[in-house]
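The values are calculated or read from the model by the stated rules, or taken from the named source; none is laboratory data. These numbers were taken from a predicted model, which means no experiment stands behind them. When we count neighbours, we look across all protein chains shown, and the Cβ atoms used for this are built from the backbone with ideal geometry, even at glycine. Please note that ligands, DNA and RNA were not included when accessible areas were found on the heavy atoms of the full protein model with its side chains. Shrake-Rupley method; radii C 1.70, N 1.55, O 1.52, S 1.80 Å.
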Amino acid sequence: MNPAKGKGPKRAIVLSGGGARGAYEAGVLRFILDELPRRRKIDPHFDIICGTSVGAIHAAFVAATASERGEHGPRLVEIWEGLHADEIFKFSARDLLSLPASFFNLRRVARQLREGRRPDRLFGLLDTAPLEKLVMESIPWPGIRENIASGRVEALCVAATQLATSRAIVFCEKNERTHPSGWLADDSIRVQRTRIQPVHALASAAIPLLFPSVRVGSRYYADGGLRLNTPLAPAVRLGADRILVIGLNHVREGQTPEYLAQQRTAGFGNPLFLFGKVLNALMLSPVDADLARVRLINHIIEHGTSAFGSDFLERLNETSVHAGGRNLKYIQDMVIRPSEDLGLMAGRLLAEDRDQFRLNAFLKLFIKASDEHAVDKEADLLSYLLFDTAFTTPLADLGYADAAAREDELTEFFSDPGATPL
């Protein structure tokens, strides 16, 4: 069933980056795509689909399977539940011994680049070939074309960071050939019209230094989370009326407990622990600022309408467009976040039974270098790298439970006045 064009609100989903934490998104999507229609007899349809890093991979999956009914949510979770860290990125004792030689090979790569040759991948500590193979085989990529051409999906956006300019690049596939309206010349985000391929999702998910940077065309890209981890801006620019954000950071009510703050401060002497906290701040926090801007505009519209009448927004937009700006609109947002701290969760699972994890040599070395006792308490950095069913299965279960707890709000999000039930 294709939604009637021009009828009802335009809905967007925004999927965040976070490495192995993405299993939480898969659990949320499983509830939305498969359980919600059975319980409430509604069509959980998204017009605009945006993602960064692992969220870009999920966004491609959602866009490619948008016309399917049933079982695509569980299929996504099954992929996560079948992961083992010693298979998803290979790193053996031999790889550890060859690390010095790898650094010397950088000179060879530098010479190739100076000579105008462009390898498909630039240096990364980990061999991600198995992960890339999984991405290419698990998503029915032709489905993206078909669903956009049919109008089932209006746009798919994948964010990455261009290494040469440090600019956030949004690869965008739309049915219309015109440049997406809403983007202005002075935007810090550059939109690039293209057909979304596996290479775009892999570029978006290339964690710097750990995963190789990916060449798209003649340029190299790294993880989109460096500049645009939760790509709310593309959804706004493309005209979304309702935006569902799936975040990967747990927001505690009130302040961080003193005992936990003291424990964390003591851990800052370990550079890997500190890097985990910095990575959280870099990749997980910016969505709050973006949401604050959306809500501020909503408040301006509400208060302006109350003070100056029902034509306030129309008059405001006339002035804005005349001055070279963009139209403003009221946007309803909904955010689903983990009800548990995922770094603490990873540490707890490692402490309870480390033998249940199939860790490769890199992760074992990582744990040893991080201070094993500290890892058992809180494992922020590891939570991005634990592509293992012992972590991803409970993480997907948590996502499913958190979405189920918001069933009434999700039903309202997808409901239209006068819409015909499924």
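Which of the numbered conditions does Ile189 fail, given that it passes all the others? Conditions: (1) more than 15 Å from Val54 (Cβ to Cβ); (2) surrounded by 13 or more Cβ atoms within 10 Å (Cβ to Cβ); (3) at pLDDT 90 or above; (4) not basic (Lys, Arg).
For Ile189, the failing item is (3).
What's the total number of residues in region 211-249 that are open to solvent by 30 Å² or more (accessible area, probe 1.4 Å) and in a loop (DSSP other than H, G, I, E, B)?
Taking region 211-249 first, the residues open to solvent by 30 Å² or more (accessible area, probe 1.4 Å) are 215, 217-219, 226-227, 236-237, 241-242.
Filter once more, keeping what is in a loop (DSSP other than H, G, I, E, B): 217-218, 241.
Result for region 211-249: 3.
Go through region 310-359 and give me each residue that's of a type in the set (A, V, I, L, M, F, W, C) and closer than 20 Å to Arg237 by Cβ.
Scanning region 310-359 gives Leu313, Leu316, Val321, Ala323, Leu328, Ile331, Met334, Val335.
Among the residues that make up region 78-86, is at least one of them at pLDDT below 85 and not in a loop (DSSP other than H, G, I, E, B)?
Checking region 78-86: at least one residue is at pLDDT below 85 and not in a loop (DSSP other than H, G, I, E, B).
Within region 398-411, identify whether any single residue is modelled with pLDDT under 95, surrounded by fewer than 19 Cβ atoms within 10 Å (Cβ to Cβ), over 18 Å from Leu248 (Cβ atoms) and not aliphatic (A, V, I, L, M), and answer yes or no. I'd like the intermediate steps shown before the answer.
So the first thing to find is which residues in region 398-411 are modelled with pLDDT under 95, and the list is none.
No, there is no match, as no residue in region 398-411 is modelled with pLDDT under 95, surrounded by fewer than 19 Cβ atoms within 10 Å (Cβ to Cβ), over 18 Å from Leu248 (Cβ atoms) and not aliphatic (A, V, I, L, M).
So for region 265-272 (the condition being modelled with pLDDT of 75 or more and either open to solvent by less than 30 Å² (accessible area, probe 1.4 Å) or farther than 19 Å from Ala56 by Cα (or both)), does at least one residue qualify?
Applying the first criterion (modelled with pLDDT of 75 or more) to region 265-272 yields none.
Taking every residue of region 265-272 in turn, none turns out to be modelled with pLDDT of 75 or more and either open to solvent by less than 30 Å² (accessible area, probe 1.4 Å) or farther than 19 Å from Ala56 by Cα (or both).
When both residues are 6+ apart or on different chains and their Cβ atoms are under 8 Å apart, which pairs have a first residue that lies in region 288-314 and is acidic (Asp, Glu), and a second that is in a helix (DSSP H, G or I)?
Here the result reads Asp290/Leu232; Asp290/Ala233, each pair linking region 288-314 to a residue that is in a helix (DSSP H, G or I).
Out of the residues in region 296-350 that are aliphatic (A, V, I, L, M) and part of a loop (DSSP other than H, G, I, E, B), state the one that is least open to solvent (accessible area, probe 1.4 Å).
Once the filter is applied, the top-ranked residue is Ile331.
Quick one: Gly151 ticks every box in (1) at pLDDT below 65; (2) under 30 Å from Gly325 (Cβ atoms) except a single one, so which number is it?
With (1) at pLDDT below 65; (2) under 30 Å from Gly325 (Cβ atoms) applied to Gly151, the lone miss is (1).
So, of the residues in region 144-180 that are in a helix (DSSP H, G or I) and open to solvent by 10 Å² or more (accessible area, probe 1.4 Å), which turns out to be nearest to Cys50 (Cα to Cα)?
Out of the qualifying residues, it is Arg145.
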